[in-house]
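Just below is one structure, and these are the notes that go with it.
The values are calculated or read from the model by the stated rules, or taken from the named source; none is laboratory data. None of these values were measured; they are calculated from a predicted model. FYI the Cβ positions are ideal-geometry reconstructions off the backbone, even for glycines, and counts take in every protein chain you see. For the accessible areas, the whole protein counts, side chains as well, though only heavy atoms, and no ligand, DNA or RNA atoms are used. Shrake-Rupley method; radii C 1.70, N 1.55, O 1.52, S 1.80 Å.
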Amino acid sequence: MKILFVEPPKDVWFVMGEYLPPPYGIIQLATFLEKKNKQVEIEIVDCNAQQINWQGLEKHIASSAPDIVASSSLSTCNTYAVVRTLETAKKVNDNILAVTGGQHFTATAEESLQTYPQIDVIVRGEGEETLAELVANAQDKTTFAKIKGISFRHQGKIIHNPQRPLIDNLEELPYPGYHLVKDTIHKYHFAAMAGRDEPYALIEGSRGCPCECTFCTQWRHWQGKWRLKSPKRIADEIEFCYNNFGSRFIWLTDDNFGSGSRANDLAEEIIKRGITENLTWFVQ
Ligand code: B12
Ligand code: SF4
């Protein structure tokens, strides 16, 4: 069984100047799968970092010959790029299982499956455990009815299986899996934040948000729960990326970072590790 994760060719996002981000969502899914299922062969293709266009992607999928193609939109504006990726996979081989997920496709699972025949399965909400179960059962579609957290088509109908419970402890998740993009890791950068030459890595400090702003997808996507990694664990991940991948600009995704003593505690942990030299980090 082979799964190919695809970061599609995307239009340049001009809002914050020149940048090339690591496709963190699929990297984390891939590294979780790598640990969970030793039988599965995993590949990530990042079309933006590898400068692969749509024709190149088609060729790449053909030579890689995956059983599953998985792609993430990150946000709504990348919907068509994901759909085109899955369409390209189907063009190469109609038997490829075409999978997507993330905030946009979770919120729009019904209409997305109605509109885009290219999508076989949408993984709703938290992806790690659901994708692992889907991959383990991909060869037998009759098992899909039992996989919590997916939406798919069956005999012309769209089926939404029940929601999967969230992972209790985010610290059980693997450290950032940038080894899976080792050929492109040196290319990721965010010029406006840290300059063109500082290697850029994303790290996740929490999932969800305790606030419930009506316009925001964030709290709803994570089932209204707010789960945190400790400042110690976040600093361990920063140190891991600093030492193993040369990361010098860290984008911490942690949507309610400002509460309590979290910022102070993380700063202390970083100072303790002696990795302050040339390290820039930004919190969203
Ligand atoms: C980091 C980040 C960025 C970075 C992106 C870096 C990158 N890699 O591309 C930057 C700063 C560039 C950015 C830009 C934008 N962002 Co932004 N960003 C985030 C942020 C903070 C973290 C994303 C992340 O990596 N999370 C951690 C990973 C592990 O989670 P995940 O991607 O959701 O994936 C998990 C599941 O969703 C699921 N999953 C996701 N995809 C898939 C695919 C498959 C196949 C499967 C099985 C599962 C699965 O499994 C994963 C593991 O559980 C999120 C908010 C958040 N906390 O999630 C907003 C967020 C994604 N951004 C958002 C928006 C709106 C934008 C912009 C459009 C802002 C703007 N107005 O310009 C731009 C779009 C840029 C572009 N063209 O792509 C919205 C999207 C909402 C939506 N409607 O989809 C979010 C949710 C914030 C919010 N609540 O408003 N962003
Ligand atoms: S992430 Fe920000 S906008 Fe979204 S619910 Fe939390 S506080 Fe509100």
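With +1 assigned to the C-beta of every Lys and Arg and -1 to the C-beta of every Asp and Glu, and no other charges, what is the dipole magnitude of segment 21-67 about the Cα centre in debye, to the nearest 20?
Details: 4 positive and 6 negative charges, 32 e Å.
Charge dipole, segment 21-67, about its Cα centre: 160 debye, nearest 20.
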Quiz item: In a GNM of the chain with a 10 Å cut-off on Cα contacts, which of I26, I238, I52 has the highest mean-square fluctuation?
Solution: I52
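Find the Cα radius of gyration of segment 231-284, compare it with 2.2 N^0.38 Å by division, and give the number to two decimals.
On the way: Rg = 10.5 Å, N = 54, 2.2 N^0.38 = 10.0 Å.
Normalised Cα radius of gyration, segment 231-284: 1.05.
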Quiz item: Looking at the chain, what % of its DSSP beta bridges pair antiparallel, to the nearest 5?
Solution: 30
Quiz item: What FRET efficiency, computed as 1/(1 + (r/R0)^6) with R0 = 51 Å and r the Cβ-Cβ distance, is obtained for D265 and A65, rounded to the nearest 0.05?
Solution: 0.60
Practice problem: Take the Cα atoms of the chain, build their convex hull, and give its volume per residue in Å³. | Solution: 129
Self-check item: Q284-A192 pseudo-label distance in nm [points 7 Å out on the Cα-to-Cβ vector]
Solution: 1.2
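Return the carbon/sulfur percentage of the accessible area of segment 24-68, one whole number, probe 1.4 Å, all protein chains in place.
Solvent-exposed carbon and sulfur of segment 24-68 make up 47 percent of the total.
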Quiz item: Using a Gaussian network for the chain with springs between C-alpha atoms less than 10 Å apart, which of these wobbles most: A267, A70, A201?
Solution: A267
Self-check item: Estimated dipole of segment 195-284 in Debye, rounded to 20 [Cβ of Lys and Arg +1, of Asp and Glu -1, Cα centre]
Solution: 300
Self-check item: Dipole of segment 24-105, positive end: most advanced residue of L33, I44, S64 [Cβ charges, Cα centre]
Solution: L33
Quiz item: Looking only at T79, T142, T253, which one moves most when the chain is put into a Gaussian network model with springs between Cα atoms under 10 Å?
Solution: T142
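Going from most exposed to least, what order do T88, T217 have by accessible area with a 1.4 Å probe?
Working: T88 15, T217 80 Å².
Solvent-accessible surface, decreasing: T217, T88.
Using only the C-alpha atoms of segment 180-284, find the volume of their convex hull and express it per residue in Å³.
On the way: hull volume 12.1 nm³, N = 105.
Once divided by residue count, the hull of segment 180-284 is 115 Å³.
Keeping the other protein chains in place, figure out the carbon and sulfur percent of the accessible area of segment 104-222, with a 1.4 Å probe. Don't skip to the end; give the middle numbers.
Working: 3000 of 5960 Å².
About 50 percent, which is the carbon plus sulfur part of the accessible surface.
Rounding to the nearest 20 debye, state how big the charge dipole of the chain is about its Cα centre with +1 on each Lys and Arg Cβ and -1 on each Asp and Glu Cβ. Show your work: numbers first, answer last.
Numbers: 30 positive and 36 negative charges, 108 e Å.
Rounded to the nearest 20 debye, it is 520 debye.
What's the Kirkwood radius of segment 88-139 in Å, using all Cα pairs? Please list the in-between numbers first.
Working: mean 1/r = 0.0860 Å⁻¹.
Every distinct Cα pair counted, the radius reaches 11.6 Å.
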Self-check item: Lys/Arg +1, Asp/Glu -1 at C-beta; the chain dipole; positive extreme among I150, F190, P8
Solution: I150
Quiz item: Among the helices of the chain (complete DSSP H runs), which have Cα atoms covering no less than 27 Å along the helix axis and a Kyte-Doolittle mean of at least -1.0?
Solution: none
Quiz item: Among N53, V135, T79, whose Cα lies farthest out toward the positive end of the dipole of the chain, if unit charges sit on the beta carbon of Lys, Arg (+1) and Asp, Glu (-1)?
Solution: V135
Exercise. First select every other residue whose beta carbon is under 15 angstrom from the beta carbon of E268; then total the charges, Lys and Arg +1, Asp and Glu -1.
Key: +1
Quiz item: So how far apart, in nm, are the two label points at E277 and K148 if each is 7 Å from Cα heading toward Cβ?
Solution: 4.8
Practice problem: Over segment 119-243, consider all pairs of different Cα atoms and compute the Kirkwood hydrodynamic radius from their mean reciprocal separation; express it in Å, one decimal. | Solution: 17.4
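From largest accessible area down, sort K157, K148; use a 1.4 Å probe on the protein chains. Mind showing how you got there, number by number?
Working: K157 135, K148 95 Å².
In descending accessible area the options line up as K157, K148.
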Practice problem: Could you state the accessible area per residue of segment 162-284 in Å², with a 1.4 Å probe and every protein chain left in place? | Solution: 51
Quiz item: To one decimal place, what Kirkwood hydrodynamic radius in Å is obtained for segment 105-163 from all pairs of distinct Cα atoms?
Solution: 11.4
Quiz prompt | Descending principal axes extents, segment 1-154, alpha-carbon based, whole Å | solution = 45, 32, 29
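Averaged per residue, what accessible area in Å² does segment 80-150 show with a 1.4 Å probe, protein chains only? Write out the running numbers ahead of the final one.
Details: 3020 Å² over 71 residues.
That works out to 43 Å² per residue.
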Exercise. Determine the sum of side-chain charges near R248: Lys and Arg each +1, Asp and Glu each -1, restricted to other residues whose C-beta is under 10 angstrom from that of R248.
Key: -3
Practice problem: Using label points projected 7 Å from each Cα along Cα→Cβ, tell me how many nm separate T108 and D140, to one decimal. | Solution: 3.5
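Quick one: ranking I271, I150, I159 by accessible area, 1.4 Å probe, largest first, what do you get?
Values: I271 105, I150 0, I159 55 Å².
The most accessible residue leads, giving I271, I159, I150.
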